[in-house]
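Visitor: Take this structure, written in structure tokens, and hold onto it; I'll ask about it next.
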Amino acid sequence: MPHLSRRDFLKLLAVSSAGLVASKVRPLLDTHGNQTSTKPNILIFVLDAMSARHLSLYGYERETTPNLAKFASRANVYHSHYSTANFTSPATASLLSGLYPWDHRAINLGGLVHKDFVNYNIFRLIGDEYYKVAFTQSTWADVLLKQHQNNFDVHLPVTSFSYKMMRPMFSPSIPSDPITTYYAYDEFLSFDYKLFNPMPGSLFLGSFGILIDQAAKKLKDGTDEYPFGIPSNEFFFYFHNDEVYAGVSELVRNFVNSFRPLLGYFHLFAPHAVYCPRKEFTGIFQEISVPSKPLHPLAIFQLPQETLYDYRKHYDEYIANVDADFGKMMDTFAKAGILDSSYIVITSDHGQVFERGEFAHGTYLLYDPVIHIPLLISSPGQRERRDVYSPTSSVDVMPTLLSLAEKNIPAGLERHLLPGLGGKEDFQRSIFALEAKENSAFEPLTKATMTLIKEGKKLIYYTGYPQYPEVFEMYDLNEDREEMKDLFSEDTVTAARLKEELLDTLAEANRRFVKK
């Protein structure tokens, strides 16, 4: 029977729907006969920028996630799960590698994993026993996946299931050197983003992108189905979220139950900004009381509370939209028996923040709304809900999945297994997160925000910011969930203990980058 190459698969995908492609290639994938694998599939779904603080599943006042709650009835639900960072590049790298950002060093906007740690990724470490498919709608996450492309069987283009392009994108068409193509053409020559790249590098390509964007202006301004505009990944393409979920669902259904179990990684853009819910999800929530918090000196946007409140409401509506599309996909999986034959992981890369003058993510701040993320894992045939309240980190996911797949966990990883899936609850564990997007990836961390969460206390350290120099904050997350009362100068014993641990960890992280 003939073998289907990645290039052939992508050619088919470019001209066909996901269902048509998958149905045509399924017979070509079973090159080892008709014997079906007895190992469970592993399906990872990353819902970009979904904050646990905005999910009714975790007690949020607005009923944003009834379908996630339904899924949770047969899953492990992790209530104190934290990302290692507050934007996509470092957070996704940690999820895939099991390493903290100070090790993998994908700390910059659109950054890459350090060459010494590229092989620390689940796609390589899980081995050839699994059929490996990866897809993301995030261009920065896609650059990270391109570092591992030799470890995939299929890496779908970032534009898959998209509705219409916003500007030219070249890297999906040049598979021989996709990373260089992305940075040289897509990001530098044709891409403009007001915060850090206000002018494209090429007048022609930048102008071409503007013309394409203007031609599709009505999509951005709104339609009957999408009052706030058709969803987009902000920079390159528009998409219909229900069609993305339907496409991924069809793809999964056609790839499971082959001679090899499926490892599928699907990093879906919504509910990342811009918040564009379908019409039936707009205006569905009542007003809620949101505590007013003082403007932070490091807030990038410096927005008034009224504006942030409006953004929060649209974000909640968009989450409800995503939850509905997710629910339909899980219903499809249940009917197809996929829930009984698969580990299904639902998480996010980071959260969102709408407070202290700050909006969205990628900020200098590390308050809980931007790093406290959902984690739900359903085991094959699981029928009951299990709630886990001990602190966990996104670096735990990769080693846990390797353990479930009966693979070796390499030395150098954090090696914490998630409670209920091989690990035990540890309420004394230290959890870290780091923001260092303006620091060189090849130098010691001298301009950064770092947080340590331990035994219900949270220490935040700011270093290298002229307007907020060498500042510590400390909060009691059990008594002060909104992080409004700084205890650093009051509870000096706890503050000193956490400060020593954080600074020791930072010094160790910097050690291999200190010039001798």
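The values are calculated or read from the model by the stated rules, or taken from the named source; none is laboratory data. As the structure is a computational prediction, the values presented were derived from the model and not from experiment. Cβ atoms come from the backbone with ideal geometry, glycine included; neighbour counts cover every protein chain shown.
Visitor: Scanning the stretch 291-305 for residues that are without any contact (Cβ under 8 Å) to a residue 60 or more places away in the chain and of a type in the set (A, V, I, L, M, F, W, C), which turns out surrounded by the most Cβ atoms within 10 Å (Cβ to Cβ)?
Guide: Taking the candidates together, the pick is Leu303.
Visitor: With the condition kept exactly as written, say whether any residue in the stretch 330-342 is at pLDDT 95 or above and within 19 Å of the chain's Cα centre (by Cα).
Guide: No.
Visitor: Another question, if that's okay. Mind listing just one residue for me: the one in the stretch 120-147 that is within 23 Å of Pro40 (Cα to Cα) and of a type in the set (S, T, N, Q) and, of those, surrounded by the most Cβ atoms within 10 Å (Cβ to Cβ)?
Guide: Thr136
Visitor: I would also like to ask the following. Within the stretch 203-249, take every residue that is modelled with pLDDT of 55 or more and of a type in the set (Asp, Glu) and give me the one that is surrounded by the fewest Cβ atoms within 10 Å (Cβ to Cβ).
Guide: The extreme case among them is Asp224.
Visitor: Now a separate question. Output the number of residues of the stretch 148-163 satisfying the condition of being assigned to a helix (DSSP H, G or I) and crowded, with 20+ Cβ neighbours inside 10 Å.
Guide: Number of matching residues: 1.
Visitor: Only one of these conditions is not met by Leu459: (1) free of Cβ contacts under 8 Å to residues at least 60 places away in the same chain; (2) under 28 Å from Arg481 (Cα atoms); (3) under 18 Å from the mean Cα position of the chain (by Cα). Which number is it?
Guide: Against the list (1) free of Cβ contacts under 8 Å to residues at least 60 places away in the same chain; (2) under 28 Å from Arg481 (Cα atoms); (3) under 18 Å from the mean Cα position of the chain (by Cα), Leu459 comes up short only on (3).
Visitor: Which of the residues belonging to the stretch 127-147 are farther than 12 Å from Val113 by Cα and out of contact with any Leu (no Cβ under 8 Å at 6 or more places or on another chain)?
Guide: Across the stretch 127-147, the qualifying residues are Gly127, Asp128, Glu129, Ser138, Thr139, Asp142.
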